[in-house]
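The values are calculated or read from the model by the stated rules, or taken from the named source; none is laboratory data. Source: prediction; values computed, not measured. Glycine also receives a Cβ, built like all others from the backbone with ideal geometry; neighbour counts cover every protein chain displayed. Surface areas here come from the heavy atoms of the whole protein model, side chains and all, with no ligands, DNA or RNA. Shrake-Rupley method; radii C 1.70, N 1.55, O 1.52, S 1.80 Å.
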Amino acid sequence: MIISGLIVGSMLGFVMQRTRFCLTGGFRDMYVQKNNKMFYALLIAITIQSIGLLILSVTGVFKITYEPFPIVGTIIGSFIFGIGIILAGGCATGTWYRAGEGLIGSWIALFMYALGASATKFGFLKPISESINSKTLANSSMTETTGIPFWVFVVVLSAVTLFLVNRTLSKKKMMAVPQLKQRFTGIKHYLFEKRYHTFAAAIIIGLIALLAWPMSISTGREGGLGITTPSAKLVQFITTGDTAILDWGVFLVLGIFVGSYMAAKGSREFKWRLPDIKTIKNSVIGGLFMGFGASLAGGCSIGNGLVATATMSWQGWISLVFMIFGSWFMSYFVFVRPMQQYKKSAKTSAVTQTA
(Lines give C-alpha, C1' and ligand atoms only; values in the text may rest on other atoms or scores of the structure.)
Protein backbone atom coordinates (compact mmCIF):
# COMPACT_ATOMS: atom_id res chain seq x y z
CA MET A 1 0.00 0.00 0.00
CA ILE A 2 2.74 2.45 0.96
CA ILE A 3 4.81 1.73 -2.12
CA SER A 4 1.97 1.95 -4.65
CA GLY A 5 0.51 5.15 -3.20
CA LEU A 6 3.88 6.85 -3.05
CA ILE A 7 4.78 5.70 -6.56
CA VAL A 8 1.58 7.00 -8.18
CA GLY A 9 1.73 10.25 -6.19
CA SER A 10 5.41 10.80 -6.98
CA MET A 11 4.80 10.31 -10.69
CA LEU A 12 1.88 12.76 -10.60
CA GLY A 13 3.82 15.37 -8.63
CA PHE A 14 6.88 15.02 -10.84
CA VAL A 15 4.93 15.40 -14.09
CA MET A 16 2.81 18.29 -12.87
CA GLN A 17 5.83 20.21 -11.57
CA ARG A 18 7.88 19.70 -14.70
CA THR A 19 5.03 20.52 -17.10
CA ARG A 20 3.48 23.29 -14.95
CA PHE A 21 0.11 21.57 -15.29
CA CYS A 22 -2.17 23.96 -13.41
CA LEU A 23 -5.96 23.75 -13.55
CA THR A 24 -6.32 26.98 -11.58
CA GLY A 25 -4.42 28.89 -14.23
CA GLY A 26 -6.39 27.08 -16.90
CA PHE A 27 -9.78 28.00 -15.44
CA ARG A 28 -8.61 31.59 -14.90
CA ASP A 29 -7.23 31.94 -18.44
CA MET A 30 -10.52 30.81 -19.96
CA TYR A 31 -12.06 34.01 -18.60
CA VAL A 32 -9.21 36.49 -18.31
CA GLN A 33 -7.24 35.66 -21.48
CA LYS A 34 -9.90 33.76 -23.47
CA ASN A 35 -7.43 30.87 -23.66
CA ASN A 36 -8.94 27.36 -23.40
CA LYS A 37 -5.73 25.37 -23.91
CA MET A 38 -5.46 24.04 -20.35
CA PHE A 39 -9.15 23.17 -20.25
CA TYR A 40 -8.73 21.14 -23.42
CA ALA A 41 -5.75 19.45 -21.76
CA LEU A 42 -8.02 18.51 -18.87
CA LEU A 43 -10.48 17.01 -21.36
CA ILE A 44 -7.64 14.93 -22.81
CA ALA A 45 -6.76 13.55 -19.37
CA ILE A 46 -10.44 12.81 -18.63
CA THR A 47 -10.90 11.12 -22.00
CA ILE A 48 -7.86 8.87 -21.64
CA GLN A 49 -8.97 7.84 -18.18
CA SER A 50 -12.56 7.19 -19.31
CA ILE A 51 -11.40 4.99 -22.21
CA GLY A 52 -9.21 3.02 -19.82
CA LEU A 53 -12.05 2.64 -17.32
CA LEU A 54 -14.34 1.42 -20.08
CA ILE A 55 -11.81 -1.25 -21.05
CA LEU A 56 -11.19 -2.31 -17.44
CA SER A 57 -14.89 -2.53 -16.65
CA VAL A 58 -15.77 -4.44 -19.85
CA THR A 59 -12.95 -6.94 -19.24
CA GLY A 60 -14.18 -7.48 -15.68
CA VAL A 61 -11.12 -6.11 -13.88
CA PHE A 62 -13.45 -4.06 -11.69
CA LYS A 63 -16.87 -2.43 -11.78
CA ILE A 64 -17.44 1.27 -11.33
CA THR A 65 -19.90 1.95 -8.53
CA TYR A 66 -21.91 5.09 -7.91
CA GLU A 67 -23.35 6.68 -4.79
CA PRO A 68 -26.14 9.27 -4.48
CA PHE A 69 -24.79 12.82 -4.44
CA PRO A 70 -26.17 16.07 -3.02
CA ILE A 71 -26.91 18.47 -5.88
CA VAL A 72 -27.03 21.64 -3.73
CA GLY A 73 -23.91 20.72 -1.76
CA THR A 74 -22.01 19.94 -4.95
CA ILE A 75 -22.97 23.25 -6.54
CA ILE A 76 -22.26 25.42 -3.49
CA GLY A 77 -19.11 23.57 -2.50
CA SER A 78 -17.65 23.61 -6.01
CA PHE A 79 -18.32 27.33 -6.39
CA ILE A 80 -16.61 28.05 -3.06
CA PHE A 81 -13.72 25.79 -4.06
CA GLY A 82 -13.36 27.76 -7.30
CA ILE A 83 -13.12 31.00 -5.32
CA GLY A 84 -10.54 29.45 -3.03
CA ILE A 85 -8.17 28.22 -5.73
CA ILE A 86 -7.88 31.72 -7.22
CA LEU A 87 -7.10 33.25 -3.83
CA ALA A 88 -4.66 30.47 -2.94
CA GLY A 89 -2.98 30.55 -6.35
CA GLY A 90 -3.45 26.85 -6.99
CA CYS A 91 -5.90 23.98 -6.75
CA ALA A 92 -5.55 21.03 -4.37
CA THR A 93 -2.90 19.20 -6.40
CA GLY A 94 -1.26 22.43 -7.53
CA THR A 95 -0.86 23.52 -3.92
CA TRP A 96 0.77 20.20 -3.02
CA TYR A 97 3.27 20.31 -5.87
CA ARG A 98 4.08 24.00 -5.44
CA ALA A 99 4.81 23.35 -1.78
CA GLY A 100 7.42 20.89 -3.06
CA GLU A 101 9.05 23.78 -4.94
CA GLY A 102 9.59 25.74 -1.75
CA LEU A 103 6.75 28.28 -2.03
CA ILE A 104 5.88 29.30 1.53
CA GLY A 105 2.54 30.69 0.34
CA SER A 106 1.62 27.24 -0.97
CA TRP A 107 2.66 25.68 2.35
CA ILE A 108 0.27 28.07 4.11
CA ALA A 109 -2.54 27.40 1.64
CA LEU A 110 -1.90 23.66 1.86
CA PHE A 111 -2.09 23.66 5.66
CA MET A 112 -5.30 25.70 5.68
CA TYR A 113 -6.78 23.53 2.93
CA ALA A 114 -6.09 20.32 4.86
CA LEU A 115 -7.31 21.95 8.08
CA GLY A 116 -10.52 23.18 6.45
CA ALA A 117 -11.16 19.77 4.92
CA SER A 118 -10.52 18.01 8.24
CA ALA A 119 -12.82 20.40 10.11
CA THR A 120 -15.57 19.86 7.52
CA LYS A 121 -15.25 16.08 7.34
CA PHE A 122 -14.45 15.26 10.95
CA GLY A 123 -14.67 18.43 13.07
CA PHE A 124 -16.89 21.32 14.08
CA LEU A 125 -17.99 22.10 10.49
CA LYS A 126 -19.25 18.56 9.94
CA PRO A 127 -22.85 19.30 11.11
CA ILE A 128 -23.09 22.15 8.59
CA SER A 129 -21.83 19.92 5.80
CA GLU A 130 -24.18 17.10 6.75
CA SER A 131 -27.14 19.46 6.97
CA ILE A 132 -26.55 20.80 3.46
CA ASN A 133 -25.72 17.42 1.96
CA SER A 134 -28.65 15.58 3.52
CA LYS A 135 -30.99 17.22 1.02
CA THR A 136 -31.46 17.02 -2.75
CA LEU A 137 -29.77 13.64 -3.14
CA ALA A 138 -29.72 12.26 -6.68
CA ASN A 139 -28.34 9.31 -8.63
CA SER A 140 -24.88 10.25 -9.86
CA SER A 141 -24.68 7.69 -12.67
CA MET A 142 -25.32 9.32 -16.04
CA THR A 143 -25.86 5.86 -17.53
CA GLU A 144 -28.52 4.81 -15.04
CA THR A 145 -30.43 8.11 -15.13
CA THR A 146 -30.46 8.45 -18.92
CA GLY A 147 -30.39 4.82 -20.07
CA ILE A 148 -27.49 5.68 -22.39
CA PRO A 149 -24.66 3.12 -22.22
CA PHE A 150 -21.36 4.18 -20.67
CA TRP A 151 -19.48 3.57 -23.91
CA VAL A 152 -21.66 6.07 -25.77
CA PHE A 153 -20.67 8.85 -23.36
CA VAL A 154 -17.03 7.86 -23.79
CA VAL A 155 -17.31 7.99 -27.57
CA VAL A 156 -19.00 11.40 -27.50
CA LEU A 157 -16.39 12.79 -25.08
CA SER A 158 -13.57 11.38 -27.22
CA ALA A 159 -15.02 12.93 -30.38
CA VAL A 160 -15.47 16.36 -28.76
CA THR A 161 -11.97 16.25 -27.29
CA LEU A 162 -10.38 15.22 -30.60
CA PHE A 163 -12.21 18.02 -32.41
CA LEU A 164 -11.12 20.70 -29.93
CA VAL A 165 -7.52 19.46 -29.77
CA ASN A 166 -7.23 19.19 -33.55
CA ARG A 167 -8.66 22.68 -34.01
CA THR A 168 -6.20 24.07 -31.47
CA LEU A 169 -3.17 22.35 -32.98
CA SER A 170 -4.13 23.28 -36.53
CA LYS A 171 -4.16 26.99 -35.80
CA LYS A 172 -1.29 29.05 -37.17
CA LYS A 173 1.68 28.64 -34.89
CA MET A 174 3.11 31.65 -33.14
CA MET A 175 6.67 32.76 -33.68
CA ALA A 176 9.12 30.50 -31.86
CA VAL A 177 10.30 31.79 -28.50
CA PRO A 178 14.09 31.90 -28.09
CA GLN A 179 15.28 28.97 -25.97
CA LEU A 180 17.72 29.20 -23.09
CA LYS A 181 21.07 27.53 -23.47
CA GLN A 182 20.85 23.80 -22.70
CA ARG A 183 22.36 22.96 -19.32
CA PHE A 184 21.89 19.20 -19.17
CA THR A 185 22.45 16.29 -21.54
CA GLY A 186 21.02 12.81 -21.98
CA ILE A 187 18.20 11.57 -19.77
CA LYS A 188 18.71 14.45 -17.35
CA HIS A 189 17.86 16.91 -20.11
CA TYR A 190 14.59 15.13 -20.90
CA LEU A 191 13.62 14.74 -17.23
CA PHE A 192 14.64 18.09 -15.79
CA GLU A 193 15.01 20.62 -18.60
CA LYS A 194 13.06 19.90 -21.78
CA ARG A 195 9.73 21.67 -22.05
CA TYR A 196 6.73 19.58 -23.08
CA HIS A 197 3.48 20.56 -24.73
CA THR A 198 0.52 20.89 -22.38
CA PHE A 199 -1.37 18.23 -24.33
CA ALA A 200 1.52 15.78 -23.95
CA ALA A 201 1.43 16.40 -20.20
CA ALA A 202 -2.32 15.74 -20.21
CA ILE A 203 -1.81 12.34 -21.85
CA ILE A 204 0.67 11.30 -19.18
CA ILE A 205 -1.55 12.60 -16.36
CA GLY A 206 -4.53 10.74 -17.83
CA LEU A 207 -2.52 7.50 -17.81
CA ILE A 208 -1.38 8.09 -14.22
CA ALA A 209 -5.00 8.76 -13.20
CA LEU A 210 -6.01 5.50 -14.84
CA LEU A 211 -3.18 3.59 -13.13
CA ALA A 212 -4.39 4.90 -9.76
CA TRP A 213 -7.59 2.87 -10.02
CA PRO A 214 -6.19 -0.70 -9.97
CA MET A 215 -3.36 0.34 -7.65
CA SER A 216 -5.81 1.81 -5.13
CA ILE A 217 -8.37 -0.98 -5.45
CA SER A 218 -5.67 -3.59 -4.80
CA THR A 219 -5.34 -2.12 -1.29
CA GLY A 220 -9.08 -2.19 -0.59
CA ARG A 221 -9.70 1.48 -1.40
CA GLU A 222 -12.22 1.78 -4.22
CA GLY A 223 -11.55 4.77 -6.41
CA GLY A 224 -8.86 6.64 -8.30
CA LEU A 225 -6.96 9.82 -7.53
CA GLY A 226 -8.24 11.82 -4.57
CA ILE A 227 -6.72 14.76 -2.72
CA THR A 228 -9.19 16.29 -0.25
CA THR A 229 -10.04 13.34 2.01
CA PRO A 230 -6.40 12.13 2.18
CA SER A 231 -5.28 15.66 3.09
CA ALA A 232 -7.90 15.80 5.85
CA LYS A 233 -6.82 12.37 7.10
CA LEU A 234 -3.21 13.52 7.23
CA VAL A 235 -4.18 16.33 9.60
CA GLN A 236 -6.23 13.89 11.64
CA PHE A 237 -3.24 11.53 11.87
CA ILE A 238 -0.91 14.33 12.93
CA THR A 239 -3.27 15.39 15.71
CA THR A 240 -4.34 11.93 16.92
CA GLY A 241 -1.48 9.62 15.96
CA ASP A 242 -3.99 7.01 14.80
CA THR A 243 -2.11 4.93 12.20
CA ALA A 244 -5.36 3.28 11.07
CA ILE A 245 -6.12 6.56 9.29
CA LEU A 246 -3.16 6.11 6.95
CA ASP A 247 -4.40 4.61 3.69
CA TRP A 248 -3.41 4.60 0.03
CA GLY A 249 -4.74 8.12 -0.49
CA VAL A 250 -2.61 9.61 2.30
CA PHE A 251 0.54 8.17 0.75
CA LEU A 252 -0.65 9.43 -2.63
CA VAL A 253 -0.67 13.08 -1.52
CA LEU A 254 2.65 12.65 0.26
CA GLY A 255 3.99 11.19 -2.97
CA ILE A 256 2.86 14.29 -4.90
CA PHE A 257 5.01 16.40 -2.60
CA VAL A 258 7.98 14.03 -2.93
CA GLY A 259 7.73 13.87 -6.72
CA SER A 260 7.45 17.64 -7.02
CA TYR A 261 10.43 18.16 -4.73
CA MET A 262 12.54 15.75 -6.79
CA ALA A 263 11.55 17.51 -10.02
CA ALA A 264 12.22 20.98 -8.60
CA LYS A 265 15.61 20.00 -7.19
CA GLY A 266 16.64 18.20 -10.36
CA SER A 267 15.70 21.17 -12.55
CA ARG A 268 17.24 23.65 -10.08
CA GLU A 269 13.87 25.32 -9.57
CA PHE A 270 13.60 24.62 -5.85
CA LYS A 271 13.90 27.77 -3.78
CA TRP A 272 12.37 28.92 -0.53
CA ARG A 273 10.23 31.96 -1.39
CA LEU A 274 8.53 34.05 1.27
CA PRO A 275 5.30 35.77 0.13
CA ASP A 276 4.14 39.27 0.99
CA ILE A 277 1.42 39.96 3.54
CA LYS A 278 -1.36 40.14 0.93
CA THR A 279 -0.38 36.75 -0.51
CA ILE A 280 -0.29 35.23 2.98
CA LYS A 281 -3.77 36.54 3.71
CA ASN A 282 -5.11 35.22 0.41
CA SER A 283 -3.42 31.86 1.00
CA VAL A 284 -5.08 31.49 4.39
CA ILE A 285 -8.56 32.44 3.16
CA GLY A 286 -8.17 30.55 -0.12
CA GLY A 287 -6.94 27.41 1.60
CA LEU A 288 -9.89 27.38 4.00
CA PHE A 289 -12.34 27.94 1.14
CA MET A 290 -10.73 25.10 -0.79
CA GLY A 291 -10.94 22.68 2.13
CA PHE A 292 -14.53 23.50 3.02
CA GLY A 293 -15.73 23.70 -0.59
CA ALA A 294 -14.10 20.46 -1.74
CA SER A 295 -15.40 18.57 1.31
CA LEU A 296 -18.91 19.91 0.80
CA ALA A 297 -18.81 19.08 -2.93
CA GLY A 298 -17.38 15.60 -2.37
CA GLY A 299 -14.22 16.31 -4.33
CA CYS A 300 -11.79 18.88 -5.67
CA SER A 301 -10.55 19.65 -9.19
CA ILE A 302 -8.97 16.18 -9.22
CA GLY A 303 -11.51 14.06 -7.34
CA ASN A 304 -14.49 15.56 -9.15
CA GLY A 305 -12.98 17.46 -12.07
CA LEU A 306 -10.67 14.70 -13.34
CA VAL A 307 -11.77 11.41 -11.81
CA ALA A 308 -15.56 11.56 -11.32
CA THR A 309 -16.02 13.09 -14.76
CA ALA A 310 -14.20 10.11 -16.31
CA THR A 311 -16.71 7.74 -14.66
CA MET A 312 -19.52 9.72 -16.28
CA SER A 313 -20.85 10.93 -12.97
CA TRP A 314 -23.27 13.85 -12.77
CA GLN A 315 -21.48 14.95 -9.63
CA GLY A 316 -18.18 15.23 -11.48
CA TRP A 317 -19.46 17.26 -14.42
CA ILE A 318 -21.71 19.52 -12.33
CA SER A 319 -18.83 20.14 -9.93
CA LEU A 320 -16.44 20.95 -12.79
CA VAL A 321 -18.84 23.54 -14.22
CA PHE A 322 -19.40 25.32 -10.91
CA MET A 323 -15.77 25.32 -9.79
CA ILE A 324 -14.99 27.02 -13.11
CA PHE A 325 -17.77 29.56 -12.42
CA GLY A 326 -16.33 30.13 -8.94
CA SER A 327 -12.85 30.71 -10.33
CA TRP A 328 -14.24 33.18 -12.89
CA PHE A 329 -16.16 35.01 -10.19
CA MET A 330 -13.04 35.50 -8.09
CA SER A 331 -10.84 36.19 -11.11
CA TYR A 332 -12.96 39.24 -11.84
CA PHE A 333 -12.09 40.79 -8.47
CA VAL A 334 -8.45 39.66 -8.41
CA PHE A 335 -7.45 40.25 -12.05
CA VAL A 336 -10.08 41.84 -14.27
CA ARG A 337 -11.42 44.70 -12.14
CA PRO A 338 -7.96 45.93 -11.03
CA MET A 339 -6.88 46.00 -14.68
CA GLN A 340 -10.03 47.89 -15.68
CA GLN A 341 -9.43 50.43 -12.90
CA TYR A 342 -5.80 50.80 -13.95
CA LYS A 343 -6.75 51.44 -17.58
CA LYS A 344 -9.43 53.90 -16.53
CA SER A 345 -6.97 55.72 -14.28
CA ALA A 346 -4.32 55.81 -17.02
CA LYS A 347 -6.85 57.17 -19.53
CA THR A 348 -8.01 59.85 -17.11
CA SER A 349 -4.41 60.83 -16.40
CA ALA A 350 -3.63 61.08 -20.11
CA VAL A 351 -6.67 63.30 -20.73
CA THR A 352 -5.71 65.54 -17.83
CA GLN A 353 -2.14 65.94 -19.10
CA THR A 354 -3.41 66.74 -22.61
CA ALA A 355 -5.75 69.35 -21.28
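Numbers at a glance
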{"quantity": "Dimensions in Å of the chain - Rg and Dmax from alpha carbons", "calculated": "20.7, 77"}
{"quantity": "Accessible area in the full protein assembly, largest first, 1.4 Å probe, for T146, T93, T185", "calculated": "T185, T146, T93"}
{"quantity": "Viscosity 1.567 mPa s, temperature 4 °C, Stokes-Einstein D of region 138-295 from Kirkwood C-alpha radius, µm²/s", "calculated": "64 µm²/s"}
{"quantity": "Order by protection proxy (mean Cβ within 10 Å, highest first), peptides 286-293, 192-199, 112-119, 66-73", "calculated": "286-293, 112-119, 66-73, 192-199"}
{"quantity": "Rg(Cα)/(2.2 N^0.38 Å) for region 79-163, N = residue count", "calculated": "1.54"}
{"quantity": "Peptides 341-348, 310-317, 242-249, 130-137 ordered by average Cβ neighbours within 10 Å, highest first", "calculated": "310-317, 242-249, 130-137, 341-348"}
{"quantity": "Span-like helix ranges in the chain, DSSP H, alpha carbon extent 24 angstrom or more, Kyte mean at least 0.0", "calculated": "2-19, 37-58, 71-88, 104-121, 150-170, 198-217, 248-266, 277-297, 314-331"}
{"quantity": "Cα Rg, Dmax (largest Cα-Cα span) when computed across region 262-355, Å", "calculated": "19.8, 63"}
{"quantity": "Of Q33, S134, L288, farthest towards positive along the dipole that unit charges on Lys, Arg, Asp, Glu beta carbons give the chain", "calculated": "Q33"}
{"quantity": "Lysines with Cα under 21 Å of K265, excluding same-chain neighbours fewer than 8 positions away", "calculated": "K181, K188, K194"}
{"quantity": "The chain, relative contact order [Cα under 8 Å, separation at least 6], %", "calculated": "41 percent"}
{"quantity": "Set of aspartates and glutamates with alpha-carbon distance to K344 below 16 Å, sequence-local pairs under 8 removed", "calculated": "none"}
{"quantity": "Estimated Rh, region 49-113: Kirkwood, alpha-carbon pairs, angstrom", "calculated": "14.5 Å"}
{"quantity": "Accessible area of C300 in the full protein assembly, 1.4 Å probe (Å², nearest 10)", "calculated": "0 Å²"}
